[in-house]
Structures are given as structure tokens and as C-alpha cells.
1. Applying the Karplus parametrisation 6.51 cos²θ - 1.76 cosθ + 1.60 with θ = phi - 60° to the phi angles of segment 130-142, what ³J(HN,Hα) value in whole Hz is obtained for each residue in order, glycine and proline being reported as x?
2. Regarding the chain, what is the average projected area of its C-alpha convex hull, in nm²?
3. With every protein chain left in place, what is the accessible area of residue 169 in Å² (1.4 Å probe, nearest 10)?
4. Give me, ordered by chain and number, the residues 5 or more places off residue 110 or on other chains with an amide H under 5 Å from its own placed amide H.
5. Given a 1.4 angstrom probe, what's the average accessible area per residue across segment 2-185, in square angstrom?
6. Quick one: if you stick a label point 7 Å off each Cα along the C-beta vector at residue 144 and residue 118, how many nm between them?
7. Share of segment 1-42's accessible area from carbon and sulfur, percent, 1.4 Å?
8. So how far, in whole Å, is the C-alpha centre of segment 1-52 from the one of segment 57-84?
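The values are calculated or read from the model by the stated rules, or taken from the named source; none is laboratory data. Remember, predicted model here, so these are calculated numbers, not experimental data. Note: ideal-geometry Cβ built from the backbone for every residue, glycine included; neighbour counts use all protein chains shown. Note: areas computed on protein heavy atoms with side chains; ligands, DNA, RNA excluded. Shrake-Rupley method; radii C 1.70, N 1.55, O 1.52, S 1.80 Å.
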Amino acid sequence: MYNLILFGPPGSGKGTQADFLVKQHGFLHISTGDMFREELSRRTPLGQEARKYMDRGDLVPDEVTIAMLRKRVEQHPDVAGIIFDGFPRTDPQAAELNDMMEEKQASINALVLLDVDVDTIVQRILGRAATSGRADDAKEDVIRTRYENFINYTAPVFDFYDQLGLAHRVNGAQSPSEVAAAIANIVGPAAQD
Ligand code: ADP
């Protein structure tokens with residue numbers, strides 16, 4: 001099994017790169033943001049709860065996010081690999097992911113940070129707001145809150161994987177195909193196992 005964390009601030013291109021990796025390797029793509037939006041569109045209690053946080057650009061509480069993620073992982077016991085997109089976003093989420101991998105006798109193979117500066121992010125997200133239809137993409141203050149939450153709560157997760165020798169940094173301001181090539185260099189043949 002090959003498990004990869006796509007990491008980076010909002011608008012750094014995680015979803016785009018996840019799509020490439022799914023096509024190349026057939027991995028399962030788990031995006032917690034997509035899962036919350038799906039719950040929201042189905043008007044489930046989980047969706048209503050998550051919405052309070054998402055609309056402000058805040059993180060959904062760990063216990064809610066972890067329970068949802070765990071269920072999705074357990075629904076797919078036999079996949080060749082998983083791309084985690086938007087998870088883990090806090091230290092407790094990273095610790096929980098570690099436990100989950102151990103239970104499966106698997107591990108996280110790499111974390112890739114897509115590095116993009118804040119001004120580029122704001123421009124990208126405002127630009128995609130028209131087509132994404134996401135309420136949290138349309139307002140600059142909400143985008144900046146999401147970025148600040150990334151710096152305060154999520155960025156420290158990088159160090160956790162860096163200490164394990166698993167963290168990689170890629171310039172996310174390059175074109176999507178250049179970023180994909182850089183990720184392919186990191187994932188490399190290891191993903192064929
Ligand atoms: P982006 O990376 O563009 O901010 P996502 O689609 O990954 O967007 O997430 C959208 C929102 O969903 C986040 O702002 C947050 O409210 C919530 N969310 C997604 N993943 C998590 C997570 N792992 N922990 C807490 N909240 C999350």
C-alpha cells in the first residue's frame with residue numbers, strides 16, 4: 001500500500017494533483033473538504049454542523065472530522081493506496097492517522113507540501129469562486145482566515161512528518177504539469193509496490 005498526504009494552504013492545488021495521481025495510480029482520493037461539501041448538499045446533520053465552521057473559514061472540530069475520515073478509510077480496506085487531501089490538518093488528526101495506518105499494518109509513505117504564497121492564494125481562490133460555487137471562496141476575509149488557520153494549526157503538521165524524514169516541499173506556484181512532475185519524482189517507483 002502507498003499512502004500520500006497532499007499538504008498545503010487552501011488553493012495550493014491539492015485537488016488538481018490528487019486527480020492526476022488517481023489517474024496514474026488508481027489510488028483512492030479522500031478529500032475531507034469534498035466530504036463535508038457532499039454532506040452539506042445532502043443536508044445531513046453532519047453537513048449542517050460542519051457548515052458553521054466552513055462558512056467562517058474555521059476548522060471543523062477534530063472529533064467530527066476524524067470520525068468521518070475513519071469511516072471512509074474503513075469502507076475501502078483493499079485499495080492500492082490512499083491520497084489524503086486536506087487531512088491531517090491538526091496535530092491530533094496526524095496522531096490519529098498514524099494509529100489508523102498501524103491498524104492496517106500500513107504507513108504514510110510521504111507528505112508533499114505545495115508551497116504557494118498568500119497573495120497568489122487569494123488571487124487564485126477569488127478567481128475560482130465563480131466556478132467553484134463555494135461560499136468560502138467568494139470573500140477575501142474568509143480566504144485569509146483559512147490561510148491563517150493553515151499557518152497556525154496545520155503548518156506544524158509538516159514538522160511531525162519532517163522529523164520522520166517523510167516531508168517534501170514542492171513549488172506550488174509552477175504550472176500544474178510542472179508540479180505533477182515534481183510529485184512524480186517523489187512518489188516514483190515506490191508507488192508501484
Ligand atoms: P481548502 O483547502 O481550499 O481550504 P477544503 O475543501 O480542503 O478547502 O476544506 C474546506 C473547509 O472544510 C475548511 O475550511 C474546513 O472548514 C473544513 N475542513 C476540511 N478538512 C478539514 C480537516 N481535516 N479538519 C478540519 N476542518 C476541515
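1. My calculation for segment 130-142 gives 4, 9, 6, x, 8, 4, 7, 8, 8, 10, 4, 5, 5 Hz in order.
2. Computed as one quarter of the Cα hull surface, the answer is 10.2 nm².
3. Surface accessible to solvent at residue 169 totals approximately 150 Å².
4. When sequence neighbours closer than 5 places are left aside, the close amide H contacts are 3, 5.
5. Dividing the accessible area of segment 2-185 by its residue count gives 49 Å².
6. It works out to 0.8 nm between the two label points.
7. Ligands and nucleic acids excluded, carbon and sulfur reach 48 percent.
8. Using only Cα atoms, the two centres lie 9 Å from each other.
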